[in-house]
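Quick notes on the structure that follows.
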Amino acid sequence: GDVFSAGVVASIADNQNFDDISALARALELGTAMGTANCLNIKTGHVEMTDLESVRKLIEVKELSL
């Protein structure tokens, strides 16, 4: 949860375009990738860049219609 949140916040802070839905999708993508990459490491709160890059390629954020 903490690393996911850090990825989302970092992405939003980097972009600072809160009206752009694709910015939110990128923030969720980075948060998900960071959280997953963290789970691949035994250290708490540690993300290896190679893991992050590998995992990020596998993530797809889709808009759901309700």
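The values are calculated or read from the model by the stated rules, or taken from the named source; none is laboratory data. Keep in mind the model is a prediction, meaning the values are calculated, not measured. All Cβ positions, glycine included, derive from the backbone under ideal geometry; neighbour counts span all protein chains shown. To get the accessible areas, we keep the full protein, side chains included, count just its heavy atoms, and leave off ligands, DNA and RNA. Shrake-Rupley method; radii C 1.70, N 1.55, O 1.52, S 1.80 Å.
The rows are residues; the columns are (1) without any contact (Cβ under 8 Å) to a residue 60 or more places away in the chain; (2) of a type in the set (S, T, N, Q); (3) in contact with a Leu (Cβ under 8 Å, 6 or more places away or on another chain).
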position	(1), (2), (3)
Gly1	yes, no, no
Val9	yes, no, no
Leu40	yes, no, no
Glu48	yes, no, yes
Ser65	yes, yes, no
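Check whether at least one residue in segment 14-21 is of a type outside the set (Gly, Ala, Ser), touching a helix residue (DSSP H, G or I) at 6+ places or on another chain (Cβ under 8 Å), at pLDDT 90 or above and open to solvent by 40 Å² or more (accessible area, probe 1.4 Å), and report yes or no. Checked segment 14-21: no residue is of a type outside the set (Gly, Ala, Ser), touching a helix residue (DSSP H, G or I) at 6+ places or on another chain (Cβ under 8 Å), at pLDDT 90 or above and open to solvent by 40 Å² or more (accessible area, probe 1.4 Å). The set of residues in segment 25-36 that are open to solvent by 50 Å² or more (accessible area, probe 1.4 Å) and more than 18 Å from Gly1 (Cβ to Cβ) contains only Arg26. When segment 37-66 is filtered for residues that are among the polar types (S, T, N, Q), at pLDDT 90 or above and open to solvent by 60 Å² or more (accessible area, probe 1.4 Å), the ones remaining, listed by number, are Thr50, Ser54.
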